[in-house]
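First the structure, in the form of structure tokens, and then the observations on it.
The values are calculated or read from the model by the stated rules, or taken from the named source; none is laboratory data. Everything numeric in this text was worked out from a predicted model, so none of it was measured. Note that we place each Cβ from the backbone using ideal geometry, even for glycine, and neighbour counts take in every protein chain shown. Accessible surface is based on the protein model in full, side chains and every heavy atom, while ligands, DNA and RNA are left aside. Shrake-Rupley method; radii C 1.70, N 1.55, O 1.52, S 1.80 Å.
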Amino acid sequence: MNYAAIKYSDIANGPGVRTVLFVSGCTHHCAECFQPETWSFSFGRPFTQEVEDEIIQSLNEPWVAGITVLGGEPMEPVNQAGLLPFLQRVKRECPGKSIWVYTGDVYENLLYGGRNCPETADLFDCIDVLVDGPYAKDLKDISLRFRGSSNQRIIDVPASLASGEVVLWEDDPQFASHKMI
């Protein structure tokens with residue numbers, strides 16, 4: 001797996017201060033994608049043990065709330081295989097740090113449909129929140145927190161797995177949108 005970038009101290013891709021990993025490779029090719037260069041699986045640099053170690057070190061800072069994985073497309077089958085051991089390591093070595101994943105795929109298709117692969121179930125056991133659905137430029141809404149278009153859902157993965165149906169993540173009502181109150 002390759003990665004396009006890592007951002008430390010990000011506040012735009014999940015609650016609190018986060019480390020953000022942008023993986024390379026995406027077959028969705030959404031219109032107006034904000035990072036079309038990440039569509040290529042060979043873009044960026046190899047995701048090595050040294051890179052993993054740097055991310056783990058960043059997550060051990062007390063002010064960092066967790067990690068967010070975006071793309072490209074983290075849920076591409078080849079990226080699932082690359083991410084699974086890393087996210088299992090994050091869960092093991094950084095307890096209490098949340099794991100958010102953004103995907104252009106839909107939750108149900110990942111678990112039960114054509115995008116399901118051998119790593120998917122174990123990967124979902126690592127993920128706290130999944131922001132799903134392709135970016136849809138005709139549904140763009142800059143007032144939405146942590147997503148770009150209104151078709152995208154912010155899913156509480158552990159609650160969804162436990163209930164057998166999609167359970168949406170509940171944001172603090174004070175911050176649920178960027179609209180002025």
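May I ask you to derive the FRET efficiency for residue 140 and residue 51 from their Cβ-Cβ distance with R0 = 45 Å, giving the value to the nearest 0.05? Don't skip to the answer; put the middle values down first.
Numbers: r = 32 Å, r/R0 = 0.72.
Efficiency, from the Cβ-Cβ distance: 0.90.
Just reorder 138, 132 by solvent-accessible area, largest first, 1.4 Å probe, all chains present.
Values: 138 130, 132 0 Å².
Ranked from most to least accessible, the order is 138, 132.
Relative contact order, percent, of the chain when contacts are C-alpha pairs under 8 Å separated by at least 6 residues?
Values: 359 pairs, mean separation 31.8, N = 181.
Relative contact order of the chain: 18 percent.
Using a ≥ b ≥ c from the Cα gyration tensor of region 6-79 (square roots of the eigenvalues), is it rounded, prolate or oblate, where a/c under 1.5 gives rounded and otherwise the larger of a/b and b/c decides, a/b for prolate? Mind showing how you got there, number by number?
Numbers: a/c = 2.64, a/b = 1.52, b/c = 1.73.
Note, shape of region 6-79 comes out oblate.
Highest mean first, what order results for 14-26, 43-55 on Cβ atoms within 10 Å? The partial results should precede the final answer.
Numbers: 14-26: 22.6, 43-55: 14.5.
So the peptides 14-26, 43-55, ranked by packing, come out 14-26, 43-55.
Antiparallel versus total DSSP beta bridges in region 24-181: what percent is that, nearest 5? Write down the numbers at each step before the final one.
Working: 7 of 14 bridges.
Percentage antiparallel, nearest 5: 50.
Kindly flag which residue pairs out of 91/140; 97/137; 7/137; 91/137 have an alpha-carbon separation exceeding 27 Å in this structure.
Numbers: 91/140 33 Å; 97/137 32 Å; 7/137 25 Å; 91/137 34 Å.
Those over the limit are 91/140; 97/137; 91/137.
What's the Kirkwood radius of region 1-156 in Å, using all Cα pairs?
Working: mean 1/r = 0.0645 Å⁻¹.
Answer for region 1-156: a Kirkwood hydrodynamic radius of 15.5 Å.
For region 1-69, what % of the accessible area comes from carbon and sulfur atoms, probe 1.4 Å?
Roughly 56 percent of what the probe reaches on region 1-69 is carbon or sulfur.
At R0 = 35 Å, how high is the FRET efficiency between residue 40 and residue 63 if r is their beta carbon distance? Nearest 0.05 is fine. Display every interim value, and only then the final one.
Working: r = 34 Å, r/R0 = 0.96.
The formula returns an efficiency of 0.55 here.
If amide H atoms are built 1.01 Å from N in the plane of the peptide, which residues on other chains or at least 5 residues away come under 5 Å of the amide H of residue 5?
Correct list: 22.
Using a 1.4 angstrom probe, figure out how much accessible area region 1-144 has per residue, in square angstrom, rounded to the nearest whole.
On the way: 6470 Å² over 144 residues.
Ligands and nucleic acids excluded, the figure is 45 Å² per residue.
Leaving ligands, DNA and RNA out of it, report the carbon-plus-sulfur percent of the accessible area of region 99-181 at a 1.4 Å probe. Numbers along the way, then the final one.
Working: 2420 of 4470 Å².
Solvent-exposed carbon and sulfur of region 99-181 make up 54 percent of the total.
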